[in-house]
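The values are calculated or read from the model by the stated rules, or taken from the named source; none is laboratory data. Note that the structure is predicted; figures quoted are calculated from it, not measured. Note: ideal-geometry Cβ built from the backbone for every residue, glycine included; neighbour counts use all protein chains shown. Side chains are part of the model used for accessible areas, which takes the heavy atoms of the whole protein and leaves out ligands, DNA and RNA. Shrake-Rupley method; radii C 1.70, N 1.55, O 1.52, S 1.80 Å.
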Amino acid sequence: MRRLTKELALATAAALALAGGAWADVIKVGVIAPTSGPYATYGTQFRTGVDTYQAIHGHEVDGDTVEFIWRDSGGVNPDQARSHAQELIIREGVDYLAGFTFTPNALAVAQIIDQSQTPTVIFNAATSIITEESGFFVRPSFTLWQVSAPLAEWAHGQGIEEVVIAVSDYNPGIDAETGFRTAFEAAGGTVLDTIRMPLATTDFAPFMQRVRDAGPDAVFAFLPAGPPTFAFVKAYNDNGLPGAGVQLLGTGETDETTLEALGDAALGVYTAYHYSPDHDSPENEAFLAKLFELHPDAVPNFSTVQAYDGAHVIYEMIRAAGTDGPAAIEAVKGLEWISPRGPVQIDPETRHITQNVYIREVVRDEDGQLVNREFETIEAVPDLGLVNDY
Amino acid sequence: MSSSASDVAPRRPLLAGRGLLWEAVILAVGVGLFFLFPYDLGFLSRILIMIVFVLSLDLVLGYAGVATLGQAAMYGTGAYAAGLIAIHVTASPLLGLAAGAVAGAGIAFVSGLVLMRAHGLTLLMLSIAVAQVLQEVANKARPLTGGADGLRGIRMDPILGLWEFDFIGRAGYWYVLTVLILVLLFLKVVVNSPLGLSARGIQESPERMRAIGTPVYWRLVWIYTIAGGIAGVAGALAAQVTALVSLEVFNFDHSAEALIMLVLGGAGRLYGAVVGVAIFMLVEHVAAAVDPFNWLFLIGALVLAVVFFVPAGLLGLPKALTGLVRR
Amino acid sequence: MSAGLEVRGLNKAFGGLTVSKNITLDLRPGDRKALIGPNGAGKTTFANLITGIDRPTSGEIRLDGRDLRPLSAARRVRAGVAKTFQITTLFKRLTVRENLRLAVLERERRGLRMFARADGDPAVEHEVAALLDQFGLLRHADAPVESLAYGQQRLIELALTLALRPRILILDEPAAGVPSSESHLIVEAIERLPSDLAVLIIEHDMKLVFQVARSIIVLVAGAILTEGTPSQIAADPRVRELYLGAAHG
Amino acid sequence: MGTLLNILVDGVAYGMILFMISVGLSVTMGLMRVINLAHGGFAMLGGAGVHYLGARLGLPFVPAALLAIGAVVALAVPMERVLYRPIYRMGELQQVLATIGITFLMIASVNLWLGSTLLAIPLPDAWSGTVDLGFRSLPMHRLIVIGAGLATALGLWALIDRTGYGIRLRAAVDNRATASALGIDTGRIFAITFALGAGLAAFGGILGAELLPVDAYYPLRYMVHFLIVVAVGGMGSITGSFLAALGLGILDTTARYMVPDFGTIFFFLVTILVLALRPQGLLGRAA
């Protein structure tokens, strides 16, 4: 299926190469991500991240052209994700798969990539179990344990003794809840109440009442980005919780794509997360410079950088093993690099990314824009939660 | 034609020869597609499963004239039943299908006891509410269903012990195609049976059905139950082929899209469901590929065009359109 | 205990409004009775009480000595009490043959069968064909009901009800809406009804009533005013006044 | 006790939003016997309009809101004439489909116009304060919502009960044929009512944006809520919608406070129960 390109390149490549499959080739990467529907933002962010990576690092790896082929998964739709994966592998002849915003979509391709030995790079889907389901999954994104547990430890260190946990009643929410609770209780803190809120809810006043009634030092929240996080932060302010001395702790609630909509209500919210575009490093600066050059209107966020790093992982796998799936996976284990989010490594055991987690506060920057300003770093956090009995 | 001797036919076989033309065409097309599009078997399987699902709605809506927006309740229940059976009891595909059918029929029967008393908006809302409750139950039953991560760990045995589910989806495709043809034949028998005739009677005039001594409510519950069994089969097929079940099987969109596809093809005709699903999913597939951001325009316009320019009663599209499609 | 329908002291009140007062009547096999009365006399309510659409406040309804009151409308049909409708409520998009087939199958309680062809039983088909023939509908057998003239639809209405093999047949304004040029079809059809059938005709059209009824019951304000042969009724001054008065009003 | 009052206030505020958005739907559905799934779209368009005028063009809230409501009404009138008139005459199923199609078009339009992200509505600063009511300090915003809801209910009552339009409207809801026979121009009544309903939905959508945040997929996300209010209240009944919206708002809020884990199931089970017992809704007339 792969077509031979330049004869000259073939000759030189053959002369040079010892590593597997050394033609000058088009190496295809199939990306399955939502580009339509309510979650289309993810697809846009992924594309921006990949574009930026290719603009900086070129479209070729050792003479092979890397081509990304996009397929729309819509929302959570495992049937469609699976049939896209089949089609990408057998018709397009892709050697790598990537993307996946939602856990079920990723899990649905586990058996396929096992059978076809296709390394698959998860750009977002954040449930710990994913990398266990197939040895061909690599995940340079994050898990909720990874960010919520360090936040709990940090919060306890700040003198927060009693918290209420309020999460959306679905698996990522439960992951965040468990991660936070485990770490917080281990540190000696007390969880006064745990509230699991219906996923579809956007009126949070009653939950805020519950939080108030419990009278904690802080409330830790996790909700899916979008209307729920917006309404939650609004309700937190409207119900006078800041005045009652209840600090809001979160993870992705102050995501850059909803931050402006939140407005001043978000000021002073503390979150723990693995990336803020406000991150101060030359790598991030270079990344953002190229990104805004390509897409002046883009609002980069965690998923942009996850896709950017995902592209890096793919490039490195191609560099090391060409199209040999099992070898590529071996090669990626233990891979280290400096990402725009900071120094990172692929954990050889879990094939998940080990990364810094930053404690941030929402502030207005010099231009008056709302940003997540990092002020404390918890270094080299691995995926902490591989199992979760709900 | 008007002589009374020729009006009395001898006892007819269940499935008469010429009446199988459509099934033969669908089978031939199904086989042809396998060879024409060997790379799209996953997508094609999804179309075939959707046809089974829409056929189940056709029985309720197209024949009995009961408009609901909650058919996904039975589809989802069937999917979870098949998945759970595969994980905990037996990985035999056929037993999984049976489990899906029984579970779908069961939930249809129980909810039908409430639903089939209602009409109009109330019925629509009730049917939506049932699917929502089931979705929330599946979400809460995380240890069993995997919640929002999906029900994983489904590994099916080879079909009849002979054909392994392969990652290209060949075995899956033949399996789904076979089940679809069987479902079509089953429904063909049902709609031509006294039960099918009474369903059409109920659609035409429930009052009159009562006046000729039919317990309309129970008849509807029974029809809804059968349809639920078929929807359960569709869900089971999806669970087995994808090897994963997610909460989204209960989504409202799922029920609504099935309705759109059915009316697009023509409700009250079995092949209408086939044509409607094929056209809708193809349009969606192409439109989503061409302009993923704006394809909803096309779908919306398509729906309106069907409703406005092919003025149809409850029986769905007039022969004109299906004739056009049939070519 | 005797054969036929016995109604004893039937009362029906909606709230404070009494619409049926102490109605007592018998319908025996072979009877051809008519129920007449001015608008609002309670004719339709009476029919609804018999067929089970409404429940009486007090009084008895018996068929062959069996109490009908606990039975639902559908069960009463199966017990042998059937009624045609004022306004046709046929299965309009089904063919004439399918309409009758449906009625026969439901009467035979085969409506739940799903592994048999609806048109697969020669006995049923034979009966349907016979009914079509009896009402002169053979020519239109395979046309959808909605494509036929109104008079013919009334005939189908009659045939459909007869297909239930009732023992008590209530004809609710069988000629309503039928142009006079076609009304002879209805009269002929009623005259050809099985002779052992008990028939109660509820009708405005006096001409039709006097043509087919052998006994006439006059209902006024929910109560029976009088009952008699057509000639007795025609001679009754109270009835004359009622109808002449109504005609003037 | 204090908590109960708090819950009540929150529930009432939520109910008022549901009422403002749903009441137009209920009246049009009762009047035209049309099942309209696209009604939430008008609420979204109102919100999207204010977002565009306020957040992007920088207009102050009140003129932005008035302009947006006006625009929605201006859009609803031709929509009624061109799209909905034929729909009134369709069967139930066709109505469901046609209005789903309209919903899709509305979503796609807003998606194209403003994108699929959250559309923030900048409220006046004065609204974000809190008011001390003694037993609790209540967000100004909730008070305004409750006040607006009550004002809407009262205004509608006066309109329906005290004006010629109201008399004609009630006649048309009761019996369309008789109303036309009496010389009432039902087409005009339809058009006015539809536009009024759309305007109210836009108003509710704007005011409620803090509780039901606006984005392109708003009409689908909240469709079931609005329709359930209509079904439970009874089609065509303003009082029914008011009671249903209030009841469901309080019920939903209480359930979320008391049993957050099972709030959704509880809400839908109660809905199923009510509709199973009273298929025509609380104050609807039996079919």
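All but one of (1) within 14 Å of another protein chain (Cβ to nearest Cβ); (2) touching an Asp or Glu at 6+ places or on another chain (Cβ under 7 Å) hold for A:R212, so report the exception by its number.
All conditions pass for A:R212, except number (2).
Would it be correct to say that A:T118 is in contact with a strand residue (DSSP E or B) (Cβ under 9 Å, 6 or more places away or on another chain), more than 19 Å from A:A225 (Cβ to Cβ), assigned by TED's automatic domain parsing to the domain that holds A:T35 and of a type in the set (S, T, N, Q)?
Answer is yes for this residue.
Restricting the stretch D:253-282 to residues that are outside any helix (DSSP H, G or I) and within 8 Å of another protein chain (Cβ to nearest Cβ), which is surrounded by the most Cβ atoms within 10 Å (Cβ to Cβ)? Working first, answer last.
First, pick out the residues of the stretch D:253-282 that are outside any helix (DSSP H, G or I): D:259, D:278-282.
Checking the rest, the ones that are also within 8 Å of another protein chain (Cβ to nearest Cβ) come to D:279-281.
On the way: D:P279: 20, D:Q280: 20, D:G281: 26.
Among them, the one singled out is D:G281.
Can you confirm whether B:L264 is free of Cβ contacts under 8 Å to residues at least 12 places away in the same chain, within 11 Å of chain D (Cβ to nearest Cβ) and touching a Phe, Trp or Tyr at 6+ places or on another chain (Cβ under 7 Å)? Spell out the reasoning first.
Values: free of Cβ contacts under 8 Å to residues at least 12 places away in the same chain: no; within 11 Å of chain D (Cβ to nearest Cβ): yes; touching a Phe, Trp or Tyr at 6+ places or on another chain (Cβ under 7 Å): yes.
Considered against the rule, which asks whether it is free of Cβ contacts under 8 Å to residues at least 12 places away in the same chain, within 11 Å of chain D (Cβ to nearest Cβ) and touching a Phe, Trp or Tyr at 6+ places or on another chain (Cβ under 7 Å), B:L264 comes out as no.
Let's see how each residue does on (1) aliphatic (A, V, I, L, M); (2) at pLDDT 90 or above; (3) open to solvent by less than 20 Å² (accessible area, probe 1.4 Å):
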site	(1), (2), (3)
A:G74	no, no, yes
A:A81	yes, yes, yes
A:Q86	no, yes, yes
A:A98	yes, yes, yes
A:Q111	no, yes, no
A:D114	no, yes, no
A:T118	no, yes, yes
A:N124	no, yes, yes
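Considering each residue of the stretch D:112-122, count those that are out of contact with any Gly (no Cβ under 9 Å at 6 or more places or on another chain) and either farther than 14 Å from B:L298 by Cβ or buried (at least 22 other Cβ atoms within 10 Å of the Cβ) (or both), and give that number. Break it down into steps so the answer makes sense when it comes.
Let us first name the residues in the stretch D:112-122 that are out of contact with any Gly (no Cβ under 9 Å at 6 or more places or on another chain), namely D:112-115.
Checking the rest, the ones that are also either farther than 14 Å from B:L298 by Cβ or buried (at least 22 other Cβ atoms within 10 Å of the Cβ) (or both) come to D:113-115.
Within the stretch D:112-122, residues that are out of contact with any Gly (no Cβ under 9 Å at 6 or more places or on another chain) and either farther than 14 Å from B:L298 by Cβ or buried (at least 22 other Cβ atoms within 10 Å of the Cβ) (or both) number 3.
The conditions are (1) within 12 Å of chain A (Cβ to nearest Cβ); (2) surrounded by 18 or more Cβ atoms within 10 Å (Cβ to Cβ); (3) among the hydrophobic types (A, V, I, L, M, F, W, C), and B:I159 fails exactly one of them. Which is it?
(1)
I need the strands (runs of 3 or more DSSP E) fully contained in the stretch A:338-382, keeping only those with at least 1 residues that are more than 14 Å from A:V305 (Cβ to Cβ), open to solvent by 10 Å² or more (accessible area, probe 1.4 Å) and outside the structural domain of A:T131 (by TED's automatic domain parsing). Before the answer, list the steps.
Numbers: elements: A:342-346, A:353-364, A:370-381.
The qualifying strands (runs of 3 or more DSSP E) are A:353-364, A:370-381.
Answer yes or no: is there a residue in the stretch B:102-115 that is closer than 28 Å to D:A38 by Cβ, of a type outside the set (V, I, T) and either open to solvent by less than 40 Å² (accessible area, probe 1.4 Å) or within 9 Å of another protein chain (Cβ to nearest Cβ) (or both). Talk me through it step by step, then tell me what you get.
Kept after step one, since they are closer than 28 Å to D:A38 by Cβ, are these residues of the stretch B:102-115: B:111, B:114-115.
Still in the running and of a type outside the set (V, I, T): B:111, B:115.
In the following step, the residues that additionally are either open to solvent by less than 40 Å² (accessible area, probe 1.4 Å) or within 9 Å of another protein chain (Cβ to nearest Cβ) (or both) were identified as B:111, B:115.
Taking every residue of the stretch B:102-115 in turn, at least one turns out to be closer than 28 Å to D:A38 by Cβ, of a type outside the set (V, I, T) and either open to solvent by less than 40 Å² (accessible area, probe 1.4 Å) or within 9 Å of another protein chain (Cβ to nearest Cβ) (or both).
When you look at A:T182, is it surrounded by fewer than 24 Cβ atoms within 10 Å (Cβ to Cβ), assigned to a helix (DSSP H, G or I), touching a residue at least 12 places away in the same chain (Cβ under 8 Å) and in contact with a helix residue (DSSP H, G or I) (Cβ under 7 Å, 6 or more places away or on another chain), yes or no? Can you show your working first?
On the way: surrounded by fewer than 24 Cβ atoms within 10 Å (Cβ to Cβ): yes; assigned to a helix (DSSP H, G or I): yes; touching a residue at least 12 places away in the same chain (Cβ under 8 Å): yes; in contact with a helix residue (DSSP H, G or I) (Cβ under 7 Å, 6 or more places away or on another chain): yes.
Yes, satisfied.
Among the residues of the stretch B:255-309, count how many are more than 13 Å from B:I47 (Cα to Cα), open to solvent by 30 Å² or more (accessible area, probe 1.4 Å) and part of a helix (DSSP H, G or I).
Count: 12.
Just for helices (runs of 4 or more DSSP H) wholly inside the stretch C:154-249: which have at least 3 residues that are under 17 Å from the mean Cα position of the chain (by Cα) and of a type in the set (A, V, I, L, M, F, W, C)?
On the way: elements: C:180-191, C:206-212, C:230-235, C:237-248.
Filter on the stretch C:154-249 gives C:180-191, C:206-212.
Given the options B:G42, B:G32, B:G106, name the one that is out of contact with any helix residue (DSSP H, G or I) (no Cβ under 6 Å at 6 or more places or on another chain), assigned to a helix (DSSP H, G or I) and modelled with pLDDT under 95.
Working: B:G42 fails: out of contact with any helix residue (DSSP H, G or I) (no Cβ under 6 Å at 6 or more places or on another chain); B:G106 fails: modelled with pLDDT under 95.
Every option except B:G32 fails the conditions.
Output yes when any residue across the stretch D:64-80 is within 14 Å of chain B (Cβ to nearest Cβ), of a type in the set (A, V, I, L, M, F, W, C) and within 30 Å of B:P292 (Cα to Cα), and no when none is. Quick ask: steps written out before the conclusion?
Going residue by residue through the stretch D:64-80, those that are within 14 Å of chain B (Cβ to nearest Cβ) are D:79.
From what's left, of a type in the set (A, V, I, L, M, F, W, C): D:79.
Still in the running and within 30 Å of B:P292 (Cα to Cα): D:79.
Scanning the stretch D:64-80 turns up at least one residue that is within 14 Å of chain B (Cβ to nearest Cβ), of a type in the set (A, V, I, L, M, F, W, C) and within 30 Å of B:P292 (Cα to Cα).
Which members of the stretch D:71-82 meet the condition of being in contact with a helix residue (DSSP H, G or I) (Cβ under 8 Å, 6 or more places away or on another chain) and open to solvent by 40 Å² or more (accessible area, probe 1.4 Å)?
D:A71, D:V73, D:L75, D:V77, D:R81
In the stretch C:116-140, what count of residues is obtained for those that are under 14 Å from C:A103 (Cβ atoms), open to solvent by 30 Å² or more (accessible area, probe 1.4 Å) and of a type in the set (A, V, I, L, M)?
Count: 1.
Kindly indicate whether any position in the stretch A:224-233 is over 25 Å from the mean Cα position of the chain (by Cα) and either facing another protein chain (nearest Cβ under 9 Å) or over 24 Å from D:L4 (Cβ atoms) (or both). So that I can check it myself, show each step before the final result.
Step one: list which residues in the stretch A:224-233 are over 25 Å from the mean Cα position of the chain (by Cα), which gives none.
So far as the stretch A:224-233 goes, no, none of its residues is over 25 Å from the mean Cα position of the chain (by Cα) and either facing another protein chain (nearest Cβ under 9 Å) or over 24 Å from D:L4 (Cβ atoms) (or both).
Report, by residue number, each residue of the stretch D:44-67 that is open to solvent by 60 Å² or more (accessible area, probe 1.4 Å) and in contact (Cβ under 8 Å) with a residue 60 or more places away in the chain.
D:Y52, D:P60, D:V62
Residue check: is A:G173 open to solvent by 40 Å² or more (accessible area, probe 1.4 Å) and not hydrophobic (A, V, I, L, M, F, W, C)?
Details: open to solvent by 40 Å² or more (accessible area, probe 1.4 Å): no; not hydrophobic (A, V, I, L, M, F, W, C): yes.
No; evaluated as a whole, the condition is false for this residue.
Which residues, taken from the stretch A:258-291, are among the polar types (S, T, N, Q) and surrounded by fewer than 19 Cβ atoms within 10 Å (Cβ to Cβ)?
Going residue by residue through the stretch A:258-291, those that are among the polar types (S, T, N, Q) are A:258, A:271, A:276, A:281, A:284.
Of everything in the stretch A:258-291, just one residue is among the polar types (S, T, N, Q) and surrounded by fewer than 19 Cβ atoms within 10 Å (Cβ to Cβ), namely A:S281.
Quick one: C:L105 ticks every box in (1) open to solvent by 10 Å² or more (accessible area, probe 1.4 Å); (2) assigned to a helix (DSSP H, G or I); (3) at the interface with chain B (Cβ under 7 Å from one of its Cβ atoms) except a single one, so which number is it?
(1)
Limited to the stretch B:217-240, what total is found for residues that are open to solvent by 10 Å² or more (accessible area, probe 1.4 Å) and over 25 Å from B:R46 (Cβ atoms)?
6
Might you check whether a residue that is more than 16 Å from the chain's Cα centre (by Cα), closer than 17 Å to B:D58 by Cα and among the hydroxyl-bearing types (S, T, Y) occurs anywhere in the stretch B:197-207?
Pass one, the stretch B:197-207, residues more than 16 Å from the chain's Cα centre (by Cα): B:197-207.
Adding the requirement that they be closer than 17 Å to B:D58 by Cα leaves B:197-204.
Cutting the leftovers down to among the hydroxyl-bearing types (S, T, Y) gives us B:198.
Yes, the conditions are met somewhere in the stretch B:197-207.
Among the residues of the stretch A:167-179, write down those that are within 14 Å of chain B (Cβ to nearest Cβ) and part of a helix (DSSP H, G or I). Break it down stepwise before answering.
Of all residues in the stretch A:167-179, those within 14 Å of chain B (Cβ to nearest Cβ) come to A:167-178.
Within the stretch A:167-179, A:N171, A:P172, A:G173, A:I174, A:D175, A:A176, A:E177, A:T178 qualify.
Would you kindly identify the helices (runs of 4 or more DSSP H) lying entirely within the stretch D:128-228 that contain at least 2 residues that are more than 14 Å from chain A (Cβ to nearest Cβ), in contact with a Gly (Cβ under 6 Å, 6 or more places away or on another chain) and surrounded by fewer than 21 Cβ atoms within 10 Å (Cβ to Cβ)? Outline the logic, then answer.
Values: elements: D:140-162, D:164-174, D:176-181, D:186-207.
The helices (runs of 4 or more DSSP H) meeting that bar are D:140-162.
What do you reckon, is D:M32 closer than 24 Å to D:M235 by Cβ, open to solvent by 10 Å² or more (accessible area, probe 1.4 Å) and within 14 Å of chain B (Cβ to nearest Cβ)?
no
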